[in-house]
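The values are calculated or read from the model by the stated rules, or taken from the named source; none is laboratory data. All figures in this text were calculated on a predicted structure; none of them were measured in a lab. Because the Cβ atoms are built from the backbone with ideal geometry, glycine has one as well, and the counts that use them run over all protein chains shown.
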Amino acid sequence: MASSFRGGADSLGMTLGALLILVPASVMMTRLPRLWKFQVQTRHWYQNTYPAAVSGDRLACFSCGSDDIETRTISRQTGHNGHICGQCDTTLYYS
Ligand SMILES: [Zn+2]
């Protein structure tokens, strides 16, 4: 019985988890918009948000489908890198 209940519980948990993250995050966004982005928009976030763009270790741009992803240092202070599509210049995620 635990296994049939599990799928629903996980998606409910994810929804609640997202709410718990998003509500305080939206308050913080007005204060720390850049830091918030770096911390939330990780590779894990990208994979969850754009599952079609990620298969195994291969990661493609959600916008144009290119796998030419460049890594650029975004903030020397916090040491965050931005992973940016080399084709269309869309920022995909941070690390
Ligand atoms: Zn692209």
Query raised in the report: Which of (1) within 14 Å of the chain's Cα centre (by Cα); (2) within 16 Å of the ligand (Cβ to nearest atom) does N48 not meet, given it meets every other one?
Result: (2)
Report task. Quickly run through region 72-89 and pick out the residues that are touching a residue at least 12 places away in the same chain (Cβ under 8 Å) and surrounded by 11 or more Cβ atoms within 10 Å (Cβ to Cβ). Result -> I74, S75, T78, H80, N81, G82, H83, I84, C85, G86, Q87, C88
Requested in this report: Would you mention how many residues in region 46-62 are under 16 Å from I84 (Cα atoms) and either assigned to a strand (DSSP E or B) or touching a residue at least 60 places away in the same chain (Cβ under 8 Å) (or both)?
Outcome: 3
Report summary line: Counting only residues in region 51-95 that are farther than 25 Å from M14 by Cα and in contact with a His (Cβ under 9 Å, 6 or more places away or on another chain), the one nearest to the ligand (Cβ to nearest atom) is identified as I69
Report summary line: Filtering region 27-55 down to residues that are farther than 19 Å from T71 by Cβ, of a type in the set (G, A, S) and modelled with pLDDT of 95 or more yields A52
